[in-house]
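To start, the structure under review is shown below, and the notes come after it.
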Amino acid sequence: MGRLVYLFACSFLLLVAASTASGARIVEHTFNVRNLTIHRLCNRQVVTAVNDSLPGPTINARDGDILIIHVFNESPYNLTIHWHGIFQMLSAWADGPDMVTQCPIRPGTKYTYKFKIIRQEGTLWWHGHISTIRATVYGALIIRPRVGNPYPFQKPYREVPIVLGEWWNANVMDVDREAIALGSGPNISDAYTINGLPGDLYPCSRHKMYKLKVKPGKTYLLRIINGAVENHLFYKIANHKMTVVAIDACYTNPYVTDVLAIAPGQTVDVLLTADQPLGSYYMAARAYASVVGLQFDNTTTRGVIVYDRAPPSRAPMMPVFPPFNDTPTAHKFYTNLTSLISWPSWDPVPLKVDHEMFVTVGMAVEACPPNTTCLGPLPGTRFSASMNNESFVLPTGLSILQAFYFNVGGVYTTDFPGKPPIELDYTNLAINNNQPMLFAPKGTKVTKLKFNSTVEMVLQNIAILGRDNHPMHLHGFNFYILAQGFGNYNPTTDRRKFNLIDPQMRNTIAVPFGGWAVIRFVANNPGVWFMHCHIESHLPMGMATAIVVENGPTPETTLPPPPADLPIC
């Protein structure tokens, strides 16, 4: 073990030296994670934050840079940080999901994340990956092109991160603990935020509103991130059009729209030209909530765009939003995006598929523990969730990646099913009468893949306990979204809809409400990669799995040993 750690340290130093010689920079940050008392919505609230700020610091880097982030956990909670959307090529140890690639960083300890950005440009983000701590532990991660490489669109006058968040007048860790203990969903949030500020529609928040000053005629690149814990969002700017140029750090063909639909975990880059009469215009976000009968935060956060030399007396204009449950508007936005295939880092869609999977995603129930009162949907039950009727459980003694690397048995099994146990009318609400699919067994089951194999996965929403829209995030990869639609996926007719020329690429997909999506990716990154719903309450319920990618045939395609300071359980 000691020799392996020594070899990894040497190899990383060689990587740093080689990359520095080739012009790559080392971007180094220190994250001090600790309690912070802030005032929101007429309350004093203690939150866990990075470097005493909410959101936390923005990381600015370029393609090819090496990032070194020293994390000091001075909070009272276990902690990991996930670099959402970073490929982590041969650096799976730095990916961050607790008990998947590492054990938690315990209070009073530290860990240094080290990884290289490889063939990525655009807007990503980082966030805590234990429980609901990501409600306040998050920030933007912006990757610009290498020096001398232009954007594939006009150079903006200025670039502006717009991080959308969610706020509770409570300790968010307690909110999560209570939901798990009662077996119910979490209490809904009290507000949404733009760059940490709720805006003037909330109590005591008139002066806690994000303001962006713009110059008439100038074009701005807004890097918009949905960092909300539980909710899909619509985002609009009054009286302005936006041109989408990238999603999840993947360039798109320009798409003009006046409304964005953004699932939790997703990012959207838009060009905004200040081409309206001098004045002030609200930017705002509120929920896209598709589930019938489910409570959600129906409030609206807003900031304001103020034109230079605008008359101060004129009241800002407010955008008109679609209805909360406007699935057609959300679907139109999601399906009209296509990839910019002239981008040098674009790889054509692989046509030969080596591994096919059909995966249902949805809710489930489990029996309430003995001598416990639960508030689940059925008497004596609490909420659960599943993929292919398997409810995922994180291991406790060793991370999956450590077990994979050191060939330790008993931590996970490789029998995650490639299809659901029975075929059903998946989106028919009558499915709730089907007991075998209602109770999903618990386990730590993963899928094992050969290096460089091409995977095609049908993600099918299932209507157990109601139809929903699940944002599914895959760590370690971008994937092509070949098609998406409503109802049950039909391989005979729906394969004709596949876009194999310029499909959009993402790391997080909002599987349509009561519908399906087909994704494809190349498993060219050895290690263990988490796949899960990015609605936080659904993760501990079990809507997750992991993908283990075997090592390739050469040292350049083999996962190195863990770093010396990797946290132990």
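Miscellaneous remarks
- In the range 83-101, the qualifying residues are those that are out of contact with any Phe, Trp or Tyr (no Cβ under 7 Å at 6 or more places or on another chain) and outside any loop (DSSP other than H, G, I, E, B), and the one that is surrounded by the most Cβ atoms within 10 Å (Cβ to Cβ) is 92.
- Flag if residue 122 is over 19 Å from the mean Cα position of the chain (by Cα) and small (Gly, Ala, Ser): no
- Some residue of the range 497-512 being of a type in the set (A, V, I, L, M, F, W, C), within 16 Å of residue 459 (Cα to Cα) and open to solvent by 10 Å² or more (accessible area, probe 1.4 Å): yes
- All positions within the range 540-561 that are among the small types (Gly, Ala, Ser) and touching a strand residue (DSSP E or B) at 6+ places or on another chain (Cβ under 6 Å): 542, 544, 546
- Residue match in the range 344-355 (condition: farther than 19 Å from residue 180 by Cβ, among the small types (Gly, Ala, Ser) and without any contact (Cβ under 8 Å) to a residue 12 or more places away in the chain): no
- Residue within the range 183-194 that is assigned to a loop (DSSP other than H, G, I, E, B) and either among the basic types (Lys, Arg) or within 17 Å of residue 235 (Cβ to Cβ) (or both) present: yes
- Cβ-Cβ under 8 Å pairs, at least 6 apart or on other chains, the range 309-336 side assigned to a loop (DSSP other than H, G, I, E, B), far side at pLDDT below 95 and open to solvent by 40 Å² or more (accessible area, probe 1.4 Å): 325/292
- Verdict on residue 172 being under 21 Å from the mean Cα position of the chain (by Cα) and surrounded by fewer than 21 Cβ atoms within 10 Å (Cβ to Cβ): no
- Filtered by the rule that a residue be surrounded by fewer than 18 Cβ atoms within 10 Å (Cβ to Cβ) and not in a loop (DSSP other than H, G, I, E, B), the range 358-380 gives a lone residue, 367.
- Scanning the range 51-71 for residues being out of contact with any Lys or Arg (no Cβ under 8 Å at 6 or more places or on another chain) and on the phi > 0 side of the Ramachandran plot gives a total of 1.
- From the options 416, 392, 439, residue that is touching a residue at least 12 places away in the same chain (Cβ under 8 Å), within 17 Å of residue 475 (Cα to Cα) and of a type in the set (Phe, Trp, Tyr): 392
- Any strands (runs of 3 or more DSSP E) falling wholly within the range 430-482 and containing at least 2 residues that are surrounded by fewer than 20 Cβ atoms within 10 Å (Cβ to Cβ), at pLDDT 90 or above and not hydrophobic (A, V, I, L, M, F, W, C): 453-461
- Check on residue 144, over 17 Å from residue 306 (Cα atoms), buried (at least 22 other Cβ atoms within 10 Å of the Cβ) and either touching a residue at least 60 places away in the same chain (Cβ under 8 Å) or under 17 Å from the mean Cα position of the chain (by Cα) (or both): no
- Per-region count, the range 520-535, residues assigned to a strand (DSSP E or B) and either surrounded by fewer than 23 Cβ atoms within 10 Å (Cβ to Cβ) or of a type in the set (A, V, I, L, M, F, W, C) (or both): 9
- Residue match in the range 409-418 (condition: surrounded by 19 or more Cβ atoms within 10 Å (Cβ to Cβ) and at pLDDT below 95): no
- In the range 309-354, the residues that are open to solvent by less than 60 Å² (accessible area, probe 1.4 Å) and either over 18 Å from residue 266 (Cβ atoms) or at pLDDT below 95 (or both): 310, 311, 316, 319, 321, 324, 343, 345, 346, 349, 350, 353
- Qualifying positions in the range 536-569 - open to solvent by 10 Å² or more (accessible area, probe 1.4 Å) and either outside any loop (DSSP other than H, G, I, E, B) or of a type in the set (Val, Ile, Thr) (or both): 538, 539, 540, 541, 554, 555, 556, 557, 558, 568
- Any hit, the range 154-162, residues being free of Cβ contacts under 8 Å to residues at least 12 places away in the same chain and assigned to a loop (DSSP other than H, G, I, E, B): yes
- Boolean, residue 164 is open to solvent by 20 Å² or more (accessible area, probe 1.4 Å), among the aliphatic types (A, V, I, L, M) and at pLDDT 95 or above: no
- Residues that are under 21 Å from the mean Cα position of the chain (by Cα) and at positive phi were ranked within the range 192-209; the one that is most open to solvent (accessible area, probe 1.4 Å) is 195.
- If the condition is being open to solvent by 10 Å² or more (accessible area, probe 1.4 Å), under 24 Å from residue 513 (Cα atoms) and not in a strand (DSSP E or B), then the range 235-293 contributes 258, 259, 289, 290, 291, 292, 293.
- Applying the condition of being open to solvent by 10 Å² or more (accessible area, probe 1.4 Å) and part of a loop (DSSP other than H, G, I, E, B) to the range 126-141 and asking which residue is nearest to residue 210 (Cα to Cα) yields 129.
- The range 492-519 residues that are assigned to a loop (DSSP other than H, G, I, E, B), paired with ones that are acidic (Asp, Glu) (beta carbon under 7 Å, 6 or more apart): 507/248; 513/468
- One residue stands out in the range 1-51 among those that are of a type in the set (S, T, N, Q) and at pLDDT 80 or above: the one that is least open to solvent (accessible area, probe 1.4 Å), namely 48.
The values are calculated or read from the model by the stated rules, or taken from the named source; none is laboratory data. Quantities reported herein were computed from a predicted structural model and do not represent experimental measurements. Ideal geometry is used to build each Cβ from the backbone, glycine not excepted, and the neighbour counts take in all protein chains shown. With ligands, DNA and RNA removed, areas are computed over all heavy atoms of the protein, side chains included. Shrake-Rupley method; radii C 1.70, N 1.55, O 1.52, S 1.80 Å.
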